[in-house]
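A.B. asks: Provided herewith is a single structure, encoded as structure tokens, for subsequent inquiry.
Here, each number is a calculation from the coordinates, and none is a lab measurement. Everything quoted here is computed from the prediction, not taken from an experiment. Glycine gets a Cβ as well: all are built from the backbone with ideal geometry, and neighbour counts include every protein chain shown.
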Amino acid sequence: MIRNRRLHYFTFAKKHFAVWVTLGLCLLIGEGILDEPCRLAAATDEPEEFHGPPPHPGYPDPFEIGYILFDTFSPNKQFGIIYPNRLLEESPDFIVDLKHSRILALLETGEPYFEGKNHGDLAAHWAPNSSAAVIENSGKWEPIGLLLVELKDGKVILQTDLLDSLNKIFSPAIAKAQHSRVADSAIGELDITGVKWKTGKSLQVEIKCEGSTNPKGFEEESSWYGELTAVWDVAQRKLVRHQLARVSFHAAGRKEQ
Amino acid sequence: MRLLLALLIISLECLSHAAEEKEGPIRLATAPSGEYAVDWAAPDGPLRVVSNSDGAVIAELKIPESEQSSGDHSIATPLPFISPDSNWVFVMNVDNDAPPPESFSRPSALFRRTRSSDGTIHFEAATPDRFDKAAWEFLDKELKLGRPDLPPDAKRVYSASFIDWSRDSARLLLSVGGGAWSPSKSE
């Protein structure tokens, strides 16, 4: 059974109902005095636990001892992500159905995130209708994966790594500035600065990011920097708009252009 | 207003006290026969065999302490693997966060289920020492492994990682390792 650590409070809440009633009254009267407990109280509707398939008979249950439920759920609170703790750090991350306690899919990322991973982080940006999510598996200089996960009828139907598409925009721009081949031109650092879903005629996600070629700032290397805004259309399965802004280039040993 | 604040402080005190209470033991594994389960109270044990029918404690499973154990780090979750016939329990500890040389070590123990004349169930260790150390020393002796010259401050480390039980519970497949760790060489 996997419980979200933040939601442990609510397991206690069941056992200490009287305490919570008293606290709730205080908070109602003194509304605005304390902000943090109000947020805790508001989270009681969130799913509390997940349990995967039964373990091999006689063997430990990885979902009991080795996995943690990530604290960002789909807006309808049906879907979430679980990642391993240090005990199972080589193990994959999964997309799960919290409502039916089912594993839906393995997160298709090269180096799965695990608890306390060095330079690692996880972020999930769910579409308002819970039909898709952009999941960022961060690395030291750039994301290890920026996965668009699409769901339909409670199943994962497609996972697309958006990093390839973003790199295809950065590389020609860098090649042009550096007078190098596109294949030899790649960003060295990529920061995802914003993920925003747009609902309208079709479901789209706007990704804002900053790319650069010389993250350590070596003087003997050229430095390219640019801010990219790209819009992915879920139905068309491609980037439909993109714009590079604030582009700067500093050739090795030369002043900024 | 004073009454409100006093009430609030008391409530928060009660809440923090409640949050400090320990959670119940974690059920790590259940015997294939369904007779017993292995429970562990986080964060530092003990590891207990409990009856599945009435929850009574049958035995405590203790992995012998490492010679180098400093005891000042968090103890990792022990992993029990129960044989298909439910007569054997292999327990291993994986503590990646421990300081060296313990981080290179993987302490383990093998327990055998026995039944006394009055029908009481017991679990006894199959080896008097740590199983990983005994396994390595057995391999060392059988395979006549060479022992390189070690620095005087070197400490031997052993590990035994579970792979699988055979279907008839007669064989336990393990990955056994041994080595040495020297503080002076590691700097």
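A.B. asks: For the residues A:E49, A:E108, what sequence is obtained by ranking on other C-beta atoms within 10 Å, fewest first?
C.D. replies: Values: A:E49 14, A:E108 17.
In increasing order of surrounding Cβ atoms, one gets A:E49, A:E108.
A.B. asks: Something else: How big is the range A:162-257 by Rg and Dmax over its Cα atoms, in Å?
C.D. replies: 14.6, 49
A.B. asks: Count charges around A:V205 for me, please; just the other residues with Cβ under 13 Å from its Cβ, Lys/Arg as +1, Asp/Glu as -1. Could you put the intermediate results ahead of the total?
C.D. replies: On the way: positive: A:K196, A:K198, A:K208, A:R237, A:K238, A:R241; negative: A:E136, A:E150, A:E206, A:D233.
Cβ neighbours under 13 Å give a net charge of +2.
A.B. asks: Two decimals, Cα atoms only, Kirkwood Rh: what is Rg/Rh over the range A:47-159?
C.D. replies: Numbers: Rg = 13.6 Å, Rh = 14.3 Å.
Here Rg/Rh amounts to 0.95.
A.B. asks: On to the next question. Quick one: net charge of A:L148's neighbours, Cβ under 12 Å, K/R +1, D/E -1?
C.D. replies: -4
A.B. asks: Over the range A:47-159, what is the relative contact order in whole percent, taking alpha-carbon pairs under 8 Å and six or more residues apart?
C.D. replies: On the way: 225 pairs, mean separation 20.2, N = 113.
Reported relative contact order: 18 percent.
A.B. asks: How do B:F138, B:F123 line up, fewest other C-beta atoms within 10 Å first?
C.D. replies: Numbers: B:F138 12, B:F123 18.
By the 10 Å Cβ count, ascending, the order reads B:F138, B:F123.
A.B. asks: Take the residue pairs A:K77/A:K155; A:K77/A:K99; A:K77/A:K201 and return only those whose Cα atoms are more than 18 Å apart. Walk me through the numbers before you get to the answer.
C.D. replies: Details: A:K77/A:K155 15 Å; A:K77/A:K99 8 Å; A:K77/A:K201 24 Å.
Going by Cα-Cα distance, A:K77/A:K201 fall outside the 18 Å limit.
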